[in-house]
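The values are calculated or read from the model by the stated rules, or taken from the named source; none is laboratory data. Note that the structure is a prediction, hence the values are computed from the model and not measured. Cβ coordinates were reconstructed from backbone atoms using ideal geometry, including for glycine residues, and neighbour counts include every protein chain displayed. Heads up: the accessible areas ignore ligands, DNA and RNA and are worked out on the full protein's heavy atoms, side chains in. Shrake-Rupley method; radii C 1.70, N 1.55, O 1.52, S 1.80 Å.
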Amino acid sequence: MTSSETLEVAFVSDGTSGATVWDTTNGTMLKTYRHTASIGQNCLSLLGNDYLIAADKGPLIQTWPINSQERTHQVRMLCGGKINSLAASPDGLYIAVAISEKLQVWMACSGRLLTTVSRHFQPITIIKWSSDGSYLVTGGEDGLVCVWSLAKLINTSQSSMPQTFISGDQINQSAPNYIFSDHSVRITGVYIGNCTRCIRIFTTSVDKTCKIYDLSTGIMLLSIAFDIIPSSLTVDSIETAVYIGTTVGPIRSFDLTSPPRTRECYVSDKESGIKFIGHAKAVTALSVSLFGDMLVSGSTDCTIRTWHVASRQCLRTIQLKEPVINMFLTLIPRQLTANELEPSIILKSFKKTEELDNDHFVEVYSYNDLFEEENDTFGHNEDTNIREELEKTKTINARIYEFAINSILKESEPNPKEDIDISSFSLVDLEFNGEKNGLDNDDDTFIDENSTTPRKKKRGRKRSKKNVNDANISNIYTYS
């Protein structure tokens, strides 16, 4: 077992409802994402490593937490029309959506529609992001391949966009960096290379050709013609081999280490010696493992096959109930089997209208925003009852403290004629005060220790100040 076999899984959607996750090395289904309808072609994508998003040819994007079979209903991503294709940026910040011939870019963390552009004349069939998320490539039924710069798309300042175009109701929007019109009919596959020095774009079309472009210059490097219609496309990680899925089943391979001398070449069925034979119908999806030793394919014959690249042998076949529509390999998400999701991506519902604002502003979202969603996206809704009880407790404690301080200061005032330490006072019994002063505080009588009958004190005409002061303070405190 190689290291790639234990690191990667395949996300698959077929004609049935929802999507599934498979371990292609042993044919084990790891997880199911439930849905009531079939997911459209090129409408399945991972949003970072936390969510799976998909569309079923309707205007609503379905969202599943990566560790849950059920969709989340707190986030509602509603677009303005039926979705032909969608793809999320590698960092999970943006979602590109194709609605007919229009391309929309949404910000996932705010739900804002950043831009809507239209350059294709017929519906867009496929959207791909570059590995760094700086470029988008769209292919349509009109045969056009457009390369878009994300920086230009999300920049609303007209002064910084000298290249503009007018198409329908779209005015003063960013124009694509390149428009490749070498294909004549529908685009079936797009792949963007990972090389940082020279990024190459690979495209296939129903016109039986595969073309390779240089992203930095926009020049077509190579055009390969086949005798059969290509239905899918992928390239290995080091870009030495191109794998072409066909409409009749066999998978073709083209070696880029020994390219032809001319810019255009023709590869017939007899000349193409590298084939992966096993599928009986059209191959709709291809994906190469991280280390380039395994090739995984999905077909309309309801099978997923794992191939050994060096020997071109089929290692395993997974039988499904319906034709495979989408399939891609990816590293195993960290929280695929977690009990509770700890998201690293902020996700909000899409806003209904595009915000047109001429003021320059910057939105900053922190990790704390993950748990302060007004729509309770992640189930961490703050309990308002607990907060109210806490505020009430704080108020009561403050009032008790204030009352205690005032009582102590009022009751502990010392004799102005004597310098008495307040801490030396202590509460005593009233009877003890009466015994010490020879008085009963209630009726001003003497108490005889040998008799229980009190005797009246003969009052004099004048009372000394000392007796008056003692009578005032002897009720509560005495000097200890």
For the list (1) open to solvent by 50 Å² or more (accessible area, probe 1.4 Å); (2) within 33 Å of the chain's Cα centre (by Cα); (3) over 18 Å from Gly143 (Cα atoms); (4) not polar (S, T, N, Q), I need the number of the one condition that Arg186 fails.
(3)
Could you check how many residues of the stretch 257-293 are at pLDDT 85 or above, among the hydroxyl-bearing types (Ser, Thr, Tyr) and either open to solvent by less than 80 Å² (accessible area, probe 1.4 Å) or more than 26 Å from Met220 (Cβ to Cβ) (or both)?
3
Mind checking which residues of the stretch 28-47 are in contact (Cβ under 8 Å) with a residue 24 or more places away in the chain, open to solvent by 40 Å² or more (accessible area, probe 1.4 Å) and within 11 Å of Gln62 (Cβ to Cβ)?
Arg34
Residues that are among the hydroxyl-bearing types (Ser, Thr, Tyr) and closer than 15 Å to Arg305 by Cβ: does the stretch 267-283 have at least one?
no
Residue count for the stretch 300-337, restricted to those that are open to solvent by less than 20 Å² (accessible area, probe 1.4 Å), part of a loop (DSSP other than H, G, I, E, B) and either of a type in the set (Phe, Trp, Tyr) or out of contact with any strand residue (DSSP E or B) (no Cβ under 7 Å at 6 or more places or on another chain) (or both)
2
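Limited to the stretch 185-214, what total is found for residues that are in contact with a His (Cβ under 9 Å, 6 or more places away or on another chain), over 15 Å from Val147 (Cβ atoms) and of a type in the set (Val, Ile, Thr)?
The qualifying residues number 3.
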Right, Leu114: open to solvent by 10 Å² or more (accessible area, probe 1.4 Å), more than 23 Å from Thr284 (Cα to Cα) and modelled with pLDDT of 90 or more or not?
yes
Has the stretch 346-362 got any residue that is open to solvent by less than 100 Å² (accessible area, probe 1.4 Å), at pLDDT 85 or above, among the aliphatic types (A, V, I, L, M) and under 20 Å from the mean Cα position of the chain (by Cα)?
yes
Residue in the stretch 16-27 that is farthest from Thr306 (Cα to Cα), counting only those that are of a type in the set (Gly, Ala, Ser) and open to solvent by less than 40 Å² (accessible area, probe 1.4 Å)
Gly18
Name the single residue, out of those in the stretch 400-423 being loosely packed, with under 10 Cβ neighbours inside 10 Å and assigned to a helix (DSSP H, G or I), that is modelled with the highest pLDDT.
Lys410
Residues (of a type in the set (D, E, K, R) and surrounded by fewer than 17 Cβ atoms within 10 Å (Cβ to Cβ)) located in the stretch 224-256:
Asp227, Asp255
